[in-house]
Amino acid sequence: MSMYSRRQFLSGAGALGAATACPGIWAATVAQSGLSSDEILRLETQAAGFSNPLRLPGSSGLFGVLPATDFKEVHVVRSEIEVLPGQRTPILAYAVESRGKKFLNPALLARRGDEMRVKLINHIDQPTVIHWHGLSVDSRNDGNGLNVVAPGQSMDYAFALQDRSSMYWYHPHAHGYIPQQAYHGLASLLFVEDDDEAALRKELALALGESEIPLVLQDKEFDAQGRLQYAPSAAQAFGGWVGSRLMVNLTERPHMKAGRRIVRFRILNGSNARSYRLAFLQDGKALGFYLAGTDGGLLAQPLRIDQTFLSPGQRLDVLVDFREANPTRPVTLASLPFDPMHQEGGHDMATMDHSQHGATQGAAALAAMAMEGDARALMRIDLAPSSTPYDRRLPARLSSLSAPVEPAGAARRMQLGHDGKGHWTINGGVYDHTAVPLTVQRGARETWRIENAERSMPHPMHLHGFSFRVLERLGSPAPVRSLAGARGLLPQDQGVVDTLQVWPGESVRIAIDFSHPHQGDQDYVFHCHTLEHAEAGMMMRYAVKA
Ligand code: C2O
Ligand code: CU
Ligand code: CU
């Protein structure tokens, strides 16, 4: 923590409650959060040296764009790609063939209502299963890990894509193997499109891969041969594995070109454990941008913000109007410094002594964990004059999303903690795949109050089966409160979400509607999306009774 001390940050967040909710504008600014223009310029200088072209989804290959209905089989394989320039990196991947073209981790495109029919074939030596993160499907198709696909075996998925338009994602979910498999490459995107989405694309003349850019944020460790390292010590298996090399679409130190127009970024935090505090920077200042959507699709109206947190599992739909920027200078996408609040048990987990685990890469990752909240440039965006004149305006309405309705009845409490023996707990319990501690009635509307202990870590809590709405945040730490508006809510809390960051000491009330169109009883899980936390117990089964 050289450039930046935690103390300084906490006291710098002076403008508490300043962010009163003017419609459409979130008033908190980077300046109010205590970041100086010099610190911003330092991030811009970092990005000035970025020399790798950002990997973009093409029409085949890694992240190639593929209609979700255009293939019948997905093969889980070991493969090799060039992640770092000039080096071959062994990875795990979803391999697909369609119309004579080969794809690895295809970015799937679907129209709301499409039927997905696909056979998963497991070619690796570990059990695996695909979970469709954010989709409301029945528990068999959810891939929640209660059933897994053994090596050499296969499983058939068949379900309708009934969710709102958004960028969802898919990744492995066999308990005991989730963090390693996701870290080694198994993860990609699934876009669902509906009429609101089509209208926005048309209105802003957006084209995927050109003016609409998916960004998958991850952090990795490599050895000298370019092989991915994943070897958590006991402390990292508990606290979370954080890599020191930041990647966007598996490109380190990337740059891209953008026209002087409105560009849409669809951002996934696909990291195992690292959170980001994202901002677009130029000339020592943060550029304002618009939050257009969250995990579960478009907001009712765009919200003007200048920064936002993004925790593992969460997505953001963001519009940046580069006509507001200085055309002669690049823009930097960065993660601003923040206190990662690793304060389980009152000590900084990253400074614990783990010398008995000894591995070098372990030491590097421990150091990275200590630096989780450090200021880091993620990507440089060079502005290019538009070849054709662009005069589009942001629409005032994006979707017909209404304000959440607070369910009647007492809230169900979900207490997040740990047992002091290396396990994270929900209501005091550690994950047991044979136990169902909670049953809800199909069609019930419930309020959950998720309470994180004071001595804890941030927990990005994810619900399978249903997305939900956020009603209120209480007890937020100062850096979070300084970005909040009415009822302590953050800009992202205005949307439909499936993953919710709950900071130490916070209690967050959410509204869940357990209505679904599936036949019979359903089984799902509720868990922390810091993947190591879920492995270390922070996962709970729940059933929905028909
Ligand atoms: Cu994205 Cu149960 O996870
Ligand atoms: Cu999920
Ligand atoms: Cu957690």
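The values are calculated or read from the model by the stated rules, or taken from the named source; none is laboratory data. Keep in mind that what you see is a predicted model, and the values were worked out from it rather than measured. A quick note on method: Cβ atoms are made from the backbone with ideal geometry, for glycine too, and the neighbour counts reach across all protein chains shown. Protein only, heavy atoms only, side chains kept; ligands, DNA and RNA dropped before computing areas. Shrake-Rupley method; radii C 1.70, N 1.55, O 1.52, S 1.80 Å.
Numbers for the structure displayed
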{"quantity": "Qualifying residue in the stretch 92-100 (condition: without any contact (Cβ under 8 Å) to a residue 60 or more places away in the chain, within 16 Å of ligand 1 (Cβ to nearest atom) and either of a type in the set (F, W, Y) or not in a strand (DSSP E or B) (or both))", "calculated": "no"}
{"quantity": "Residue under evaluation D523, criteria (1) open to solvent by 10 Å² or more (accessible area, probe 1.4 Å); (2) out of contact with any Ser or Thr (no Cβ under 6 Å at 6 or more places or on another chain); (3) within 16 Å of ligand 1 (Cβ to nearest atom); (4) of a type outside the set (V, I, T), criterion not met", "calculated": "(2)"}
{"quantity": "Hey, S244 more than 17 Å from V331 (Cα to Cα), at pLDDT below 95 and among the polar types (S, T, N, Q) or not", "calculated": "yes"}
{"quantity": "Condition check for V74: within 16 Å of ligand 1 (Cβ to nearest atom) and either more than 30 Å from R253 (Cβ to Cβ) or open to solvent by 40 Å² or more (accessible area, probe 1.4 Å) (or both)", "calculated": "no"}
{"quantity": "Residue match in the stretch 222-232 (condition: touching a helix residue (DSSP H, G or I) at 6+ places or on another chain (Cβ under 7 Å) and among the acidic types (D, E))", "calculated": "yes"}
{"quantity": "Among residues of the stretch 264-293, those that are over 15 Å from the mean Cα position of the chain (by Cα), among the charged types (D, E, K, R) and open to solvent by less than 10 Å² (accessible area, probe 1.4 Å), counted", "calculated": "1"}
{"quantity": "Residue list for the stretch 409-452, restricted to those being touching a strand residue (DSSP E or B) at 6+ places or on another chain (Cβ under 8 Å), among the small types (G, A, S) and at pLDDT below 95", "calculated": "G409"}
{"quantity": "Sole residue being modelled with pLDDT of 95 or more, under 28 Å from E221 (Cα atoms), out of contact with any Phe, Trp or Tyr (no Cβ under 9 Å at 6 or more places or on another chain) and buried (at least 24 other Cβ atoms within 10 Å of the Cβ), chosen from P106, P151, P172", "calculated": "P172"}
{"quantity": "Check on A231, over 22 Å from V74 (Cβ atoms), of a type outside the set (K, R) and modelled with pLDDT under 95", "calculated": "yes"}
{"quantity": "T425 vs. criteria within 23 Å of G313 (Cα to Cα), of a type in the set (S, T, Y), more than 15 Å from ligand 3 (Cβ to nearest atom) and assigned to a strand (DSSP E or B)", "calculated": "no"}
{"quantity": "Residue in the stretch 81-91 that is at negative phi, among the acidic types (D, E), within 16 Å of ligand 2 (Cβ to nearest atom) and not in a strand (DSSP E or B) present", "calculated": "no"}
{"quantity": "Positions within the stretch 57-71 being surrounded by 15 or more Cβ atoms within 10 Å (Cβ to Cβ) and without any contact (Cβ under 8 Å) to a residue 60 or more places away in the chain, in sequence order", "calculated": "S60, G61, G64, L66, T69, F71"}
{"quantity": "Some residue of the stretch 314-327 being open to solvent by 10 Å² or more (accessible area, probe 1.4 Å), over 23 Å from M247 (Cα atoms), in a strand (DSSP E or B) and touching a strand residue (DSSP E or B) at 6+ places or on another chain (Cβ under 7 Å)", "calculated": "yes"}
{"quantity": "Residues (of a type in the set (G, A, S) and touching a Phe, Trp or Tyr at 6+ places or on another chain (Cβ under 9 Å)) located in the stretch 389-425", "calculated": "A411, G417, G422"}
{"quantity": "Tabulated pairs, the stretch 72-90, first over 18 Å from T128 (Cα atoms), second open to solvent by less than 50 Å² (accessible area, probe 1.4 Å) and at pLDDT below 95, C-beta under 7 angstrom, 6+ apart or interchain", "calculated": "none"}
{"quantity": "Subset of the stretch 486-513 (residues that are farther than 20 Å from D339 by Cα and more than 16 Å from ligand 2 (Cβ to nearest atom))", "calculated": "A486, R487, D493, Q494, G495, R509, A511, D513"}
{"quantity": "Sole exception among (1) in a loop (DSSP other than H, G, I, E, B); (2) open to solvent by less than 10 Å² (accessible area, probe 1.4 Å); (3) among the aliphatic types (A, V, I, L, M) for A224, by number", "calculated": "(2)"}
{"quantity": "Scope the stretch 124-144; condition open to solvent by 20 Å² or more (accessible area, probe 1.4 Å) and within 15 Å of ligand 2 (Cβ to nearest atom); matching residues", "calculated": "S136, D138, S139, R140"}
{"quantity": "Out of L463, L401, sole residue that is under 30 Å from Q301 (Cβ atoms), within 16 Å of ligand 2 (Cβ to nearest atom) and aliphatic (A, V, I, L, M)", "calculated": "L463"}
{"quantity": "Count of residues meeting criterion [more than 18 Å from G293 (Cα to Cα), among the polar types (S, T, N, Q) and modelled with pLDDT of 95 or more] in the stretch 453-501", "calculated": "1"}
{"quantity": "Leading residue by the ranking (nearest to ligand 3 (Cβ to nearest atom)) among those in the stretch 457-479 that are open to solvent by 20 Å² or more (accessible area, probe 1.4 Å) and among the aliphatic types (A, V, I, L, M)", "calculated": "L474"}
{"quantity": "Qualifying positions in the stretch 396-444 - closer than 30 Å to L204 by Cα and surrounded by fewer than 16 Cβ atoms within 10 Å (Cβ to Cβ)", "calculated": "A396, R397, S400, S402, A403"}
{"quantity": "Yes/no for L135 being over 26 Å from D432 (Cα atoms) and of a type in the set (A, V, I, L, M, F, W, C)", "calculated": "no"}
{"quantity": "Tally, over the stretch 454-499, of residues that are touching a helix residue (DSSP H, G or I) at 6+ places or on another chain (Cβ under 8 Å), within 16 Å of ligand 1 (Cβ to nearest atom) and either assigned to a loop (DSSP other than H, G, I, E, B) or over 19 Å from E372 (Cα atoms) (or both)", "calculated": "2"}
{"quantity": "Qualifying residues in the stretch 133-154 (those that are under 17 Å from L92 (Cβ atoms) and among the aliphatic types (A, V, I, L, M)) - the one farthest from ligand 3 (Cβ to nearest atom)", "calculated": "A150"}
